[in-house]
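As structure tokens, the structure follows; a few thoughts come after it.
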Amino acid sequence: MFITVFLTGVGLSMDAFAVAICKGLKMQKLNYKQMSLISLFFGGFQALMPFIGWLLGYNFKNYIESFDHWLAFALLAFIGGKMIFEAFKNDDDDNCDSFDIKELFVMAIATSIDAMAAGIAFAFDGITTLPQILISILIIGVTTAVLSAVGVVIGHKFGAVYKSKAELAGGIILILIGLKILLEHLGVLKL
């Protein structure tokens, strides 16, 4: 379970990582207070959203148990596909130019919406108790916070080279995790 949750956290954090790179690009001097706020916002929302998704999925699990593995696969494949598409999209409107708490709040929500869908998938993939989901969201939140801080530093040092590669890697990871869930439930893969 730990490896799957950790890799899910890495995959989900790639949007936040890409935005953090973008924010680091605009820093003349590395600002540790801003880096900490970026990490806190992105990590916090990446932890909160899967919990909300898990609550929703857990409460409706009995109604969709017969096809939950297909739903988990579809959700993760959709999120991953969207991230891969965004990696190849030439998007010049990244909102990198300023540092504003309200904007950071909106960006943290925007980059964590897909984590809610992953939380729904968790409810169908064996994360059935409150301690399991709390450990899972802690792993996801800390992973995102750390990768966001790393993203700010990379953006500050190296520029925009890694932004699209991060989104591409995150998308591929999420699709592979969705495929793993599907193949395990179909009995093709036993881990």
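Here are a few things to note about the model shown:
- So Lys33, is it outside any helix (DSSP H, G or I), of a type in the set (D, E, K, R) and at negative phi: no
- Hey, Ile79 exposed (fewer than 15 other Cβ atoms within 10 Å of the Cβ), closer than 22 Å to Ile139 by Cβ and of a type outside the set (D, E, K, R) or not: no
- Scanning the stretch 9-30 for residues that are among the polar types (S, T, N, Q) and at pLDDT 90 or above yields a single hit, Ser13.
- Restricting attention to the stretch 12-38, the residues being closer than 29 Å to Ile181 by Cβ and not β-branched (Val, Ile, Thr) number 8.
- Flag for Tyr63 being open to solvent by 40 Å² or more (accessible area, probe 1.4 Å), assigned to a helix (DSSP H, G or I), over 19 Å from Val146 (Cβ atoms) and touching a helix residue (DSSP H, G or I) at 6+ places or on another chain (Cβ under 6 Å): no
- From the options Ile133, Ile140, residue that is out of contact with any Lys or Arg (no Cβ under 6 Å at 6 or more places or on another chain), buried (at least 24 other Cβ atoms within 10 Å of the Cβ) and modelled with pLDDT of 85 or more: Ile140
- Only residues that are surrounded by fewer than 17 Cβ atoms within 10 Å (Cβ to Cβ), assigned to a helix (DSSP H, G or I) and modelled with pLDDT of 85 or more were counted in the stretch 107-130, giving 2.
The values are calculated or read from the model by the stated rules, or taken from the named source; none is laboratory data. Note that the structure is a prediction, hence the values are computed from the model and not measured. Every residue, glycine as well, gets a Cβ built from its backbone with ideal geometry; the counts of neighbours run over all protein chains shown. Heads up: the accessible areas ignore ligands, DNA and RNA and are worked out on the full protein's heavy atoms, side chains in. Shrake-Rupley method; radii C 1.70, N 1.55, O 1.52, S 1.80 Å.
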